[in-house]
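Participant: Got a structure for you, questions after.
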Amino acid sequence: PGTLYVVATPIGNLDDLTPRAARVLAEVTRIAAEDTRHSARLLAHLGVNTPMLSLHEHNEARRVDTLDGYLTAGENIALISDAGTPLISDPGFVLVRELRARGRHIVPIPGPCALIAALSGAGLPTDRFVFGGFLPAKPGARRQALEDWSAREETLVFYESPHRIMHTLEALKETLPARAVVLARELTKTFETFLQGTPEELLSQLTEDPNQARGEFVVMVAGALPVAQSEHQDISADELMKTLLDEGVGV
Ligand code: SAM
């Protein structure tokens, strides 16, 4: 039987496709793509005319048997999404789960991923982070989701739909007003920018310069202070006050 290659593709800069990914896309006999018209541009750029079939959230479950049939026949297949790493807020999980359950050979071809690129340039702690995917679209649910994440000590990372960044900053201003936030915008593209500040500061930056509110974003939020540390800080503030009073420092 053949192999399923899970291939990462660029998130905005074609030069980011790895030589190994290019080789695999040229050598497989079929490419399952989230949007075949979108991926046709990438394949044209590579001079590859491997046949494609669509695999998106609406047909993924149905595609499993079809693709498994090709593997059984000895074909090698690549899975790609519109941008970045398949399965990361993109289709592919159901396919990989099912094929793995059937004992198929599955090989990831790593490469661009907006989440990792954003973290690597942000300057927030990366030893531990939680990826929240896309926040809910509805304002109430979005605020609730942020509240649910608020006690986490890890850096929080979210993907954002292009048109919702201002709403998300509003929700952050309400729920986590004192946190450091970093917005990674248009990663790997001409107008790549990193903006940082409190939610309120970022809101005013984006209001003053609406160009900064356009494009694709990864939103990163500093984690909560460890409980032990914040308690410790409270205790030491109390202790400091007591010491000052004991020493007769005028209050
Ligand atoms: N599978 C992709 C990956 O590996 O990053 C993510 C796909 S998800 C449908 C699309 C979201 O990823 C965008 O809404 C944005 O939050 C983020 N994203 C993708 N490309 C980006 C870029 N060039 N700059 C900033 N964010 C990006």
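Participant: Within the range 1-54, track down each residue that is touching an Asp or Glu at 6+ places or on another chain (Cβ under 7 Å) and of a type in the set (V, I, T).
Facilitator: T29
Participant: Which members of the range 146-187 meet the condition of being farther than 21 Å from A117 by Cα and of a type in the set (S, T, N, Q)?
Facilitator: Scanning the range 146-187 gives S150, T175.
Participant: Which of (1) touching a Leu at 6+ places or on another chain (Cβ under 8 Å); (2) away from the ligand (no atom under 12 Å from the Cβ); (3) of a type outside the set (G, A, S) does P177 not meet, given it meets every other one?
Facilitator: (1)
Participant: Take the residues in the range 135-168 that are of a type in the set (S, T, Y) and surrounded by 14 or more Cβ atoms within 10 Å (Cβ to Cβ); name whichever of them is nearest to L187 (Cα to Cα). First the steps, then the outcome.
Facilitator: Residues of the range 135-168 of a type in the set (S, T, Y): 150, 155, 159, 161, 168.
Subsequent filtering for residues that are surrounded by 14 or more Cβ atoms within 10 Å (Cβ to Cβ) retains 150, 155, 159, 168.
Details: S150: 26, T155: 19, Y159: 12, T168: 19 Å.
Across the range 135-168, the extreme among qualifying residues is Y159.
Participant: All but one of (1) touching a Leu at 6+ places or on another chain (Cβ under 7 Å); (2) more than 16 Å from P1 (Cβ to Cβ); (3) part of a strand (DSSP E or B) hold for T126; state the number of the condition that does not hold.
Facilitator: Only one criterion is unmet by T126, namely (3).
Participant: For P199, are the conditions met, namely being touching a strand residue (DSSP E or B) at 6+ places or on another chain (Cβ under 7 Å) and more than 16 Å from the ligand (Cβ to nearest atom)?
Facilitator: When the stated conditions are applied, P199 passes them.
Participant: So for the range 165-172 (the condition being in contact with a Leu (Cβ under 8 Å, 6 or more places away or on another chain), free of Cβ contacts under 8 Å to residues at least 60 places away in the same chain and within 13 Å of the ligand (Cβ to nearest atom)), does at least one residue qualify?
Facilitator: Yes, because at least one residue in the range 165-172 is in contact with a Leu (Cβ under 8 Å, 6 or more places away or on another chain), free of Cβ contacts under 8 Å to residues at least 60 places away in the same chain and within 13 Å of the ligand (Cβ to nearest atom).
Participant: Let me ask something additional. Please enumerate the residues belonging to the range 103-127 that are surrounded by 15 or more Cβ atoms within 10 Å (Cβ to Cβ), away from the ligand (no atom under 15 Å from the Cβ) and more than 30 Å from I77 (Cβ to Cβ).
Facilitator: Listed by number, the list holds a single entry, L124.
Quick note: the coordinates plus some simple rules give every number you see, no bench work behind them. Keep in mind that this is a model prediction, so the values were computed, not measured. Neighbour counts run over all protein chains shown; Cβ positions are idealised from the backbone, glycine included.
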